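Since the structure comes first, as structure tokens, the remarks are kept for the end.
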Amino acid sequence: MKLETKIRRSAQQVKQDGQYTIKSVTGPQTTRYGAALVLSVNDDSDQEKTLFLPYSNEVSDQSNLARLMQSFGKETNLWIKRKVDVTIGPDGRRTIKPVIK
């Protein structure tokens, strides 16, 4: 019996500060760092990137997830085409803030 291994190719992870447009949201999925929503986002030059958003059933008010839910709603399908500002701190942690018009 031959076993198949499926390797999932995904876009490069967001590595620069900037404004991104949400293209799709999947998950929550289990990652090596815990549960996360996986956001496919486009940068200003329309290149697709991946952004992992830590997910928890108990959401802290200061978390990235809480900020997006408060601004865009709890239904992730409503997040499509919305913009977010991503800031990467010196420790490599990403801070995600919704862009409100």
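Please treat every number below as a calculation from the coordinates, not as lab data. If you're wondering where the values come from, they're calculated on a predicted model, not measured in any experiment. As a convention, Cβ positions derive from the backbone with ideal geometry for all residues, glycine included, and neighbour counts pool all protein chains shown.
What residues have an amide H closer than 5 Å to that of A35, excluding those fewer than 5 places away on the same chain, when H is modeled at 1.01 Å from N in the peptide plane?
Those qualifying (amide H under 5 Å, at least 5 residues apart or on another chain) are Y55.
Which ordering of I96, I80 is given by a fewest-first count of other beta-carbon atoms within 10 Å?
So the ranking, lowest neighbour count to highest, is I80, I96.
For K23 paired with Q70, estimate the spin-label separation in nm (one decimal), with each label point 7 Å from Cα along the Cα-to-Cβ line.
Result: 3.0 nm between the two label points.
Mind jotting down the three principal axis lengths of the chain based on Cα atoms? Whole angstrom, largest first.
Extents along the principal axes: 56, 35, 30 Å.
Please give the length that would be gained between Q12 and T87 if that part of the chain were fully extended, namely 0.36 nm times their separation in residues minus their C-alpha to C-alpha distance (nm, one decimal).
25.4 nm
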